[in-house]
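This report concerns only the one structure given below.
The values are calculated or read from the model by the stated rules, or taken from the named source; none is laboratory data. None of these values were measured; they are calculated from a predicted model. Here Cβ is always computed from backbone atoms with ideal geometry, including for glycine, and neighbour counts include all displayed protein chains.
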Amino acid sequence: MINLREIIEDIFDDCINLEVTDKQNNYVASNLYSLAQAWLHDETARPFCIYKDDIMIGFVMLEYDEPEKECGIWRLMIDKKYQGKGYGKEAMRVILDYIKSNPIFEVIHLSTMPHNESAVKLVNSFGFSETGEIDEDGEITMILKHRKSKLDKEYTGDCTLAVAHLFLD
């Protein structure tokens, strides 16, 4: 069973030692860098380790924008040892359920490189749609509306902090 756990001192080293393949390094920042960003953005960043039962297999960082009623999936990675087993899809399901359980959020957003086909395929399978925006890193912005929201007419949110570098081969 996939679950999310807050990062505490006891698991910090294991978390920063999770790795993607060399080919994937261009898609996602290291977990150490992500945790440093979480510290800088401690009012909005929510980092978690992803576990399969009691084995740490990945990392996700969310970005809470409560005034805008949005939650961004800022980072998501599955360690190279656990890729190709369907854990990325299971993790995304758990992450989305976690976000949707918070009654504040109406919209979930993320961005990914357009040539990262596995990430685009994954998020499309959960109902995300492209906004037509491309961020400063050349990533496509995608949203998932799960409650009636201000976005029913047009997406106008600022995704500069909500860049999710997804790679889940």
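Okay, here's what the table says:
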item: Some residue of the stretch 11-31 being modelled with pLDDT of 95 or more and in contact with a Pro (Cβ under 7 Å, 6 or more places away or on another chain); result: no
item: Near pairs, Cβ below 6 angstrom, 6+ apart or cross-chain, from the stretch 26-44 (farther than 26 Å from GLU68 by Cα) to any residue that is not in a loop (DSSP other than H, G, I, E, B); result: TYR27/HIS165; TYR27/PHE167; ASN31/CYS15; ASN31/ILE16; ASN31/PHE59; LEU32/ILE16
item: Options PHE105, PHE126: the member that is over 23 Å from SER30 (Cβ atoms) and touching a Leu at 6+ places or on another chain (Cβ under 7 Å); result: PHE126
item: Residue in the stretch 48-56 that is in contact with a Gly (Cβ under 8 Å, 6 or more places away or on another chain) and surrounded by 14 or more Cβ atoms within 10 Å (Cβ to Cβ) present; result: yes
item: Every residue from the stretch 1-45 that is of a type in the set (S, T, N, Q) and not in a strand (DSSP E or B); result: ASN17, THR21, GLN24, ASN25, ASN26, SER30, ASN31, SER34, GLN37, THR44
item: Criterion violated by ASN26 - all others in (1) under 19 Å from ALA119 (Cα atoms); (2) buried (at least 19 other Cβ atoms within 10 Å of the Cβ); (3) more than 12 Å from the chain's Cα centre (by Cα) satisfied; result: (2)
item: Sole residue being within 23 Å of LEU18 (Cα to Cα) and part of a strand (DSSP E or B), chosen from LEU110, LEU122; result: LEU110
item: Pick from the stretch 123-145, criterion of a type in the set (Ser, Thr, Tyr) and touching a strand residue (DSSP E or B) at 6+ places or on another chain (Cβ under 8 Å), ranking: nearest to ILE73 (Cα to Cα); result: THR141
item: Residues within the stretch 36-55 that are within 26 Å of VAL120 (Cβ to Cβ) and hydrophobic (A, V, I, L, M, F, W, C), tallied; result: 5
item: Restricting the stretch 73-83 to residues that are of a type outside the set (Phe, Trp, Tyr) and assigned to a helix (DSSP H, G or I), the residue that is surrounded by the fewest Cβ atoms within 10 Å (Cβ to Cβ); result: LYS81
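Conditions tested, residue by residue: (1) closer than 18 Å to HIS146 by Cβ; (2) in a helix (DSSP H, G or I); (3) of a type outside the set (D, E, K, R).
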residue	(1), (2), (3)
PRO47	no, no, yes
MET61	no, no, yes
CYS71	yes, no, yes
LYS85	no, no, no
ARG93	yes, yes, no
ILE99	yes, yes, yes
